[in-house]
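Student: I have a structure here, written as structure tokens, and I will follow up with some questions on it.
The values are calculated or read from the model by the stated rules, or taken from the named source; none is laboratory data. Everything quoted here is computed from the prediction, not taken from an experiment. Here Cβ is always computed from backbone atoms with ideal geometry, including for glycine, and neighbour counts include all displayed protein chains.
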Amino acid sequence: MKVKTKSKKVNKAWLNDHVTDPYVRLAQKEGFRSRAAYKLKEIDETLQLIRPGQLVVDLGAAPGAWSQYVRRKFAPKEAGAGGAATGALNGTIIALDLLEFEPIEGVQFIQGDFREAEVLAQLEAAVGGRPVDVVISDMAPNLSGIASHDAARIADLVELAIDFSQQHLRKDGALVCKVFHGSGYSQLVELFRAHFRVSKAIKPKASRDRSSETFLVGIGLKTATAGTASG
């Protein structure tokens, strides 16, 4: 009984934090599917990564807040219509996730495991040989609480995102990856430094203080195969 009472208290505390969270309220007000939109928004506003006309690949896309943010960035600015959640857009968004994804107008979605060759082939077919401008990855494994095990699973996803970026990013393109402070973090920072001319770690204000979540951003591949710098 004591365990259940404690669990109820924890759940109640989480629910209270959630409903009073200013980013949750803002997401509800502005029509985003989750508060995660404001994490990408701060990263983008800091580094100016996402612009109309680009090809963006969104890995770990569900429930869709990051794709929503990119979609609004791609909405035409003519006649004050910029930021529209529906209608025409100037750019291409390809989203991928294991989970189901409620459709977003203009976003091409692939459901599957990014670690599987068949799913990766579907993604590459959707890219169609075009150089990708930005890869955004909110992918994360289900954490077990065993530091070494979790670190290895996180590193695996980050390495796959870097491998995909090496094959498909423009020379001046960017990769945004979710990582976690703790075991293996410094090695991931070094991995970004090894592959990108510019690498930065950003913890957006929308990331909860108690969360070990942060984001690594790499800009400009040190070696690239996908295309030349965009004008």
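Student: Which residue is farthest from the chain's Cα centre (by Cα), if the candidates are limited to the stretch 107-137 and must be more than 19 Å from H195 (Cα to Cα) and touching a residue at least 60 places away in the same chain (Cβ under 8 Å)?
Tutor: R130
Student: For the stretch 22-129, give me every one of the helices (runs of 4 or more DSSP H) that falls completely inside it and has 3 or more residues that are surrounded by fewer than 21 Cβ atoms within 10 Å (Cβ to Cβ), at pLDDT below 95 and not assigned by TED's automatic domain parsing to the domain that holds D172.
Tutor: Helices (runs of 4 or more DSSP H) meeting the threshold: 22-30.
Student: Listed residues A174, A151, A161; which is over 18 Å from W66 (Cβ atoms) and assigned by TED's automatic domain parsing to the domain that holds Y38?
Tutor: That would be A151, the only listed residue that is over 18 Å from W66 (Cβ atoms) and assigned by TED's automatic domain parsing to the domain that holds Y38.
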